[in-house]
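Input: a single structure, listed below in structure tokens.
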Amino acid sequence: MEYYVVKGGSPLSGEVEIAGAKNAALAIVAAAIMADEPVTIENVPDVSDIRALVGAISDIGGEVAHPERHTYVINGANIKDEPVDNEAVRKIRGSYYLIGALLGKYRKAEVALPGGCNIGLRPIDQHIKGFRALGANVSVVPPGHVRAEASCLVGSHIYMDVVSVGATINIIMAAIMAKGNTIIENAAKEPHVVDLANFLNSMGAKIRGAGTDVIRIRGIEKLHGTNYSIIPDQIEAGTFMYAAACTRGDVTITNVIPKHLECLTAKLTEIGCEVTESDDSVRVVATRRLEHTNVKTLPYPGFPTDMQPQISVLLGLSRGTSIVTESIFENRFKYTDELAKMGGNVRVEGNTAIIDGVENYTGAKITAPDLRAGAALVAAALAARGYSEIYDIHYIERGYEDFPEKLRSLGAFIAKVSNKDEERRAINGFNMRIVG
Ligand code: UD1
């Protein structure tokens, strides 16, 4: 079993380049099967969630070429009429995008119920409501598959009861080749919803309003091939920004869209960091202990739930008491037990964490409970005094490309090891670097 060993206490410093957005890529790679021509997608992050989705696409007859590490060419001309199900696909959340893509294209989809991080109930009722509004019959059939079928999909006026990224994207895909017009109200406005809409429009779809809460779609007959590059990952960028602040470092994060990071930047500035933006990079400098604040997670452009563990870890080191309210997912504070092992002082009451900042964390043996919390705990370990071991790193690798390598390029002492011998060698290597 692989784990990270970390020697904390050194400020991160230098420059790090951000990969393509995982959550945009999951939607775009799934949507690529909707054309019967090759679709080239660039800037796809090399992470395990994407590999699982691409594997599922090849399993059902999609032709997939992978000419470069971050480029896929997908041709959905020969997709077979069979359920999407394998062990990898059942573990990821993004597999549900194949429901919208297959239903939209073939009027029929059967896909294993989605997995994903265990951060709450994560129902898909809004996806189903949207598919039904377009005329599909949707049911859950053994062995745990969602089946959606329609003789004809017809445009509709859909009001979403909750703002859902996944449901907005799935309904867009199901509606682009429906007869007539569809309006989605109370749509999610996240950058990856806009990226998916731009991608589909480059294939001939007629989608307007993505990035606002009303999306209008005019149904078209068919999509054609395209060549498209995915936007940078807002959450990976945010994770490095907050890790830089945790370690009192000086890090320039490149290949970002600063606009997508505005609320993350605003919080850092508010608590005492210096943040400088340029066209496609941000520099975060933290020279002293930061101040406390309150944060509530909200749909975009609010503070992202996927950055909640990272800001909580940072506030855990700040002066005074901070209050973090999680309003999107109900089970997203599990990592606070791990943080307590490192000396963190966090009390969770319902959907609120009350954080009394401590001067330092201390290294400990900890377990990543999910993807984002795993990355946040690595940031805690980098800031901590002493050594940490971080287990269940497969969660982190679902969504962060070359995470330890990128951190090492910023001067961090982190290594991926699989036994105590390797751990000892890694620690010797850390100490030699310090002496050298
Ligand atoms: C996506 C992201 C995830 C991120 C989340 C919120 C992917 C693969 N995952 O997840 O990283 O944390 O957006 O930004 O892109 N809800 C319902 N019914 C539904 C759908 C959602 O009640 O049918 C609720 C959820 O329980 C949650 C809220 O709506 O409380 C938002 O969920 P949603 O935006 O759908 O998250 P995901 O698409 O699952």
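Pull out all pairs, ordered by first then second residue, where Cβ-Cβ is under 6 Å, the residues are six or more apart or on different chains, the first lies in region 164-179 and is among the charged types (D, E, K, R), and the second is away from the ligand (no atom under 13 Å from the Cβ).
Once the first residue is among the charged types (D, E, K, R) and sits in region 164-179, its partners that are away from the ligand (no atom under 13 Å from the Cβ) give K179/V154; K179/G219.
Only one of these conditions is not met by E82: (1) among the acidic types (D, E); (2) in a loop (DSSP other than H, G, I, E, B); (3) in contact (Cβ under 8 Å) with a residue 60 or more places away in the chain. Which number is it?
(3)
What number of residues within region 158-190 are outside any strand (DSSP E or B), more than 8 Å from the ligand (Cβ to nearest atom) and surrounded by fewer than 24 Cβ atoms within 10 Å (Cβ to Cβ)?
Residues in region 158-190 being outside any strand (DSSP E or B), more than 8 Å from the ligand (Cβ to nearest atom) and surrounded by fewer than 24 Cβ atoms within 10 Å (Cβ to Cβ): 5 in total.
Please tell me if D392 is within 17 Å of the chain's Cα centre (by Cα), of a type outside the set (S, T, Y), at pLDDT 95 or above and open to solvent by 10 Å² or more (accessible area, probe 1.4 Å). Explain how you work it out, then say what you get.
Details: within 17 Å of the chain's Cα centre (by Cα): no; of a type outside the set (S, T, Y): yes; at pLDDT 95 or above: yes; open to solvent by 10 Å² or more (accessible area, probe 1.4 Å): yes.
No.
Looking only at helices (runs of 4 or more DSSP H) that fall completely inside region 259-372, which ones have 1 or more residues that are open to solvent by less than 20 Å² (accessible area, probe 1.4 Å) and within 14 Å of the ligand (Cβ to nearest atom)? Walk me through it before giving the result.
On the way: elements: 262-270, 308-315, 335-341.
The helices (runs of 4 or more DSSP H) meeting that bar are 262-270, 308-315.
Tell me which of these G144 doesn't satisfy, since it passes every other one: (1) more than 13 Å from the ligand (Cβ to nearest atom); (2) in contact (Cβ under 8 Å) with a residue 60 or more places away in the chain; (3) under 30 Å from A375 (Cβ atoms).
Failed condition: (2).
Sort through P114, P123 and tell me the only one that's within 16 Å of the ligand (Cβ to nearest atom) and open to solvent by 60 Å² or more (accessible area, probe 1.4 Å).
Numbers: P114 fails: open to solvent by 60 Å² or more (accessible area, probe 1.4 Å).
None of the other options fit; the residue is P123.
A quick yes/no check of all residues on (1) over 21 Å from D306 (Cβ atoms); (2) not in a helix (DSSP H, G or I):
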site	(1), (2)
V16	no, yes
I28	no, no
D46	no, yes
D49	no, no
G61	yes, yes
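Hey, among the residues in region 9-61 that are open to solvent by less than 10 Å² (accessible area, probe 1.4 Å) and not aliphatic (A, V, I, L, M), which one's nearest to the ligand (Cβ to nearest atom)?
Only one residue tops the list, namely D49.
Please indicate, with yes or no, whether at least one residue in region 71-89 is modelled with pLDDT under 95 and within 15 Å of the ligand (Cβ to nearest atom).
Yes, region 71-89 contains a residue that is modelled with pLDDT under 95 and within 15 Å of the ligand (Cβ to nearest atom).
The values are calculated or read from the model by the stated rules, or taken from the named source; none is laboratory data. Bear in mind that the values here come from a model prediction, so they are computed numbers and not experimental data. So basically every Cβ, Gly included, is an ideal-geometry build from the backbone, and we count neighbours across all protein chains shown. To get the accessible areas, we keep the full protein, side chains included, count just its heavy atoms, and leave off ligands, DNA and RNA. Shrake-Rupley method; radii C 1.70, N 1.55, O 1.52, S 1.80 Å.
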